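Everything on this sheet refers to the single structure shown next.
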Amino acid sequence: MPYRILHNPRCSKSRAALALLEQAGLDIEIIRYLDTPPSAAELTAILAAIDVPPAAVVRRKEARELGLAPIAADSDAAYVAKVLAAHPQAIERPIVVAPSGAAVLGRPPENITALL
């Protein structure tokens, strides 16, 4: 099973995270989440595995621009996943998921080394 990266090629942090994975010689599945948005169920699983509160994976500026209500710091994963599945442009990037199911937010990209 490959490492998966929720990737936006226009984002410098996402490109840096992908470069780290490639330099490590890993099998990688690149998910361009704006083209192929993850489902609420997929996002719920990622949020359960990531070591940050669910609200930390919401891009505040994009959420505001989309007219979304602010996501509270203590919002539950299912709610955040539902919002992000409907509005993938509000997903903070990059997110990397290891074959084990562990996940990290790649901001800064060096966070990814914890999965390697």
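Counting only protein heavy atoms and a 1.4 Å probe, tell me what percentage of the chain's accessible area is made up of carbon and sulfur.
On the chain, the fraction of accessible area on carbon and sulfur atoms equals 53 percent.
So, in nm, how far is label D27 from label A72 when the simple model puts each one 7 Å beyond its Cα toward the Cβ?
4.3 nm
Divide the volume of the convex hull of the Cα atoms of the stretch 5-116 by its number of residues and quote the answer in cubic angstrom per residue.
92 Å³
Rounded to the nearest 20 debye, what is the charge dipole size of the chain about its Cα centre when +1 sits on each Lys and Arg Cβ and -1 on each Asp and Glu Cβ?
About 400 debye.
Using 0.36 nm per residue, how much length does the chain from A114 to A41 gain when fully extended, once their Cα-Cα distance is taken away?
23.8 nm
How do 90-96, 51-57, 70-76 rank on mean C-beta neighbours within 10 Å, highest first?
Answer by packing, highest mean first, reads 90-96, 51-57, 70-76.
Taking R0 as 30 Å, what FRET efficiency do you get between L34 and Y79 from their Cβ-Cβ distance, rounded to the nearest 0.05?
Computed FRET efficiency for L34 and Y79: 0.90.
At what distance in angstrom do the alpha carbon centres of the stretch 30-80 and the stretch 1-18 lie from each other?
Measuring centre to centre over Cα atoms gives 16 Å.
Quick query: amide H of G106 versus all other amide H atoms, modeled in the peptide plane; which residues come in under 5 Å with a sequence gap of 5 or more or a different chain?
Answer set, sorted by chain and number: I95, V96.
Please report the projected area of the stretch 56-116's Cα convex hull averaged over all directions, in nm².
In nm², the orientation-averaged hull projection of the stretch 56-116 is 4.6.
The values are calculated or read from the model by the stated rules, or taken from the named source; none is laboratory data. In this text, all values refer to a predicted model and were calculated from it rather than measured experimentally. Methodologically, a virtual Cβ is constructed for each residue, glycine included, from the backbone with ideal geometry; neighbour enumeration extends over all protein chains shown. Just so you know, the surface numbers come from the protein's heavy atoms only, side chains and all, with ligands and any DNA or RNA stripped out. Shrake-Rupley method; radii C 1.70, N 1.55, O 1.52, S 1.80 Å.
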